[in-house]
Amino acid sequence: MSEIARIILDGKEYELPVIVGTENEKAIDISKLRGASGYITIDPGFKNTGSCKSAITYLDGENGILHYRGYPIEQLAEKATFLEVAYLLIKGDLPNQKELDWFVNSITNHTLVHEDMKRFFEAFPTDAHPMGILSSMIASLSTFYPESQNPNRSIEDVELTMHRVIAKLPTLAAQAYKNNMGHPVVYPKNSLSYTENFLHMMFGLPTDDYNVSPVVNDALNKLLILHADHEQNCSASTVRIVGSSQANLYSAISAGIAALWGPLHGGANQAVIEMLETIKNDGGGLQKWVDKAKDKSDSFRLMGFGHRVYKNFDPRAKIIKKAADDVLEALGVDDPVLDIAKELEAVALKDQYFIDRGLYPNVDFYSGIIYRALGIPTDMFTVMFAIGRLPGWIAQWKEMVEMGEPIGRPRQVYTGATKRDYVDITKR
Ligand code: SDX
């Protein structure tokens, strides 16, 4: 028998249905509350509010569990390829070989971007942050493929748009990097895998082949998988709400990139490295920085620490921390910042302030150390997060469309001035 929640308002009792998910998560369905009682609920930051039912990703914040379509992240990170995981998130099941070949082949053959887009790059300042470039470029793709703007487009057209944006994001990201370096653009090479192709476009030259290190390629594959989706985080919710107005997929993804850029979200991986460098250059003890992070009068936060959902540990951070050791050893890289990060984690996790608030390293705390060892510049770290998160955003957008969800339009409680008459300027 399904549970009921009862609420008493102005002396009247209202019954609200309770829904239970497949992992026994429970929610009170308040969709009829305002109509019946005139009351709404309010929850700044949606810390206790669900925006949707979703079958894509399951998180258990208390037990550090992360599943994509039921598959544990630990298994996928070890055994799958990134495009295999992208297919899983978007389609709902792991592909067989024929399905994967079709998916990879379609994406591989859409990696080029229109030559006219070169002019856009020339218009940006040379030191433009690549996340600003990327958000603009992805939105402008909708102008090159106007059929994507049709809300009633065919399933085939939608699928083609999904494959185009997955294919072109790394190409645009690498071009932003080359543009920033003042180096010639390196075109995609269809004989390479998705991750090899990105490394080739980033670090190769038009004149000679780039030998992709298997260690680097494997590390990139693992990092992209670990970032691929994370249920209703800030950027995924942004993609869903922009898509709910029937704006095209490119525009929704562009908005997701913009949301991810924030230092409280995906921008944290860049902020972590900048923080660790500051601590290294400061030369002072780590406790000083932990104390600053606890001091409410100090704006300093321990970047890469804390999470809205994970209150014990972020399972991705555990995998990335181990991968950082393995990759740096395999590449013979000795990065003092990794030692500082580990020591900082150890100091913070003994501190009651962090223990009381369930603040642990999140996905962003160690990822930048690997990106740096792979030769990726700091201001491209959040771009790497975006490339990883793209299939998740697409899966979330597709689910929202397929569920026929209404346009997202929250209510509010008005706290401004009550009705008053206009006063002529001469009398103010
Ligand atoms: C990502 O949502 C997702 O799933 C995101 C993500 C994904 O995959 O999409 O996992 C990716 O965005 C990871 C988070 C990256 N951001 C950072 O590392 C920035 C630093 N962390 C924080 O700013 C913070 O922890 C958040 C933004 C991640 C979470 O913030 P919440 O849930 O709104 O919690 P809060 O800010 O209300 O903090 C609760 C308490 C507060 O103290 P009190 O008011 O209770 O005394 O914890 C404190 C905060 O001051 N706190 C921190 C802290 N994070 C929280 N204190 C010091 N340093 C920190 N990092």
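FYI, it's all coordinate maths here, none of it is from the lab. On a predicted model such as this, the values are computed, not experimentally measured, just so you know. Note that each Cβ is placed from the backbone with ideal geometry, even for glycine, and that neighbours are counted across all protein chains shown.
Taking other C-beta atoms within 10 angstrom as a stand-in for reagent exposure, Ser37, Ser254 fall in the order Ser37, Ser254, fewest first.
Provide, as a two-decimal number, the C-alpha radius of gyration of region 137-287 over 2.2 N^0.38 Å, N being how many residues it has. Show your work: numbers first, answer last.
Values: Rg = 18.3 Å, N = 151, 2.2 N^0.38 = 14.8 Å.
That ratio works out to 1.24.
Among Ile376, Ile4, what is the fewest-to-most ranking by other Cβ atoms within 10 Å? Display every interim value, and only then the final one.
Numbers: Ile376 20, Ile4 10.
Fewest to most other Cβ atoms nearby, the residues stand as Ile4, Ile376.
The GNM of the chain, with springs linking C-alpha atoms under 10 angstrom apart, assigns the highest mean-square fluctuation among Asp334, Asp208, Asp351 to Asp208. Each Lys and Arg Cβ is given +1 and each Asp and Glu Cβ -1; about its Cα centre, the chain then shows a dipole of about 1420 debye.
Please compute the length gained on full extension between Glu147 and Glu62, using 0.36 nm multiplied by the number of residues separating them and subtracting their Cα-Cα distance. Please report the intermediate quantities before stating the final value.
On the way: separation 85, 0.36 × 85 = 30.60 nm, distance 4.43 nm.
In short, 26.2 nm is gained.
Going from the residue with the fewest nearby Cβ atoms within 10 Å to the one with the most, Trp102, Trp393, Trp289 rank Trp102, Trp289, Trp393. Residues whose amide H lies under 5 Å from that of Ala5, counting only those 5 or more places away or on a different chain, are Leu16, Val18; hydrogens are built 1.01 Å from N in the peptide plane.
Applied to region 331-336, the Karplus parametrisation 6.51 cos²θ - 1.76 cosθ + 1.60 on θ = phi - 60° returns per-residue 3J(HN,Hα) values of 8, x, 9, 10, 10, x Hz, with x for Gly and Pro.
Placing a pseudo-label 7 Å from each Cα along the Cα-to-Cβ vector at Ile425 and Met117 gives an inter-label distance of 4.8 nm. Between the residues Asn248, Ser299, Gly283, the greatest Cα displacement towards the positive end of the dipole of region 232-300, with unit charges on the Cβ of Lys, Arg, Asp and Glu, is found for Asn248. Whole-Hz Karplus values for region 34-50 come out as 5, x, 7, 10, x, 8, 10, 10, 9, 7, x, x, 6, 5, 10, 10, x Hz, taken residue by residue from phi with 6.51 cos²θ - 1.76 cosθ + 1.60 and θ = phi - 60°; glycine and proline positions read x.
Kirkwood hydrodynamic radius of region 1-60, from the reciprocal of the average inverse Cα-Cα distance over all distinct pairs: 13.2 Å.
Spatially, region 1-69 and region 365-416 are offset by 23 Å when compared through their Cα centroids.
For q = 0.22, 0.28 Å⁻¹, what log10 I(q)/I(0) does region 49-122 give under the Debye formula with an equal point scatterer on each alpha carbon and no solvent? Log-scaled intensity ratios, in q order: -0.97, -1.29.
Which value in deg cm²/dmol, rounded to the nearest 500, describes the helix-derived mean residue ellipticity at 222 nm for the chain, given -39,500 (n - 2.57) per DSSP H run of n ≥ 4 and division by the residue count? Walk me through the intermediate numbers first.
Details: 18 runs with 221 residues, N = 428.
Using -39500 (n - 2.57) per qualifying helix, the result is -16000 deg cm²/dmol.
Taken over the alpha carbons of region 324-428 as equal point scatterers, the Debye sum produces base-10 log I(q)/I(0) values at 0.18 Å⁻¹ of -1.01.
Taking label points 7 Å from Cα along the Cα-to-Cβ direction, Ile28 and Asn211 give a separation of 6.4 nm. Relative to the Cα centre, the charge distribution of region 1-94, modelled as +1 at Lys and Arg Cβ and -1 at Asp and Glu Cβ, gives a dipole magnitude of about 340 debye. Toward the positive end of the charge dipole of the chain, with +1 on the Cβ of Lys and Arg and -1 on the Cβ of Asp and Glu, the farthest Cα among Ile370, Leu169, Met137 is that of Met137.
Over all distinct Cα-Cα pairs of the chain, the Kirkwood formula returns a hydrodynamic radius of 23.5 Å. 3J(HN,Hα) along region 113-124, derived from phi through the Karplus expression 6.51 cos²θ - 1.76 cosθ + 1.60 where θ = phi - 60°, amounts to 10, 4, 4, 4, 5, 4, 5, 4, 4, 5, 7, 7 Hz, with x in place of Gly and Pro.
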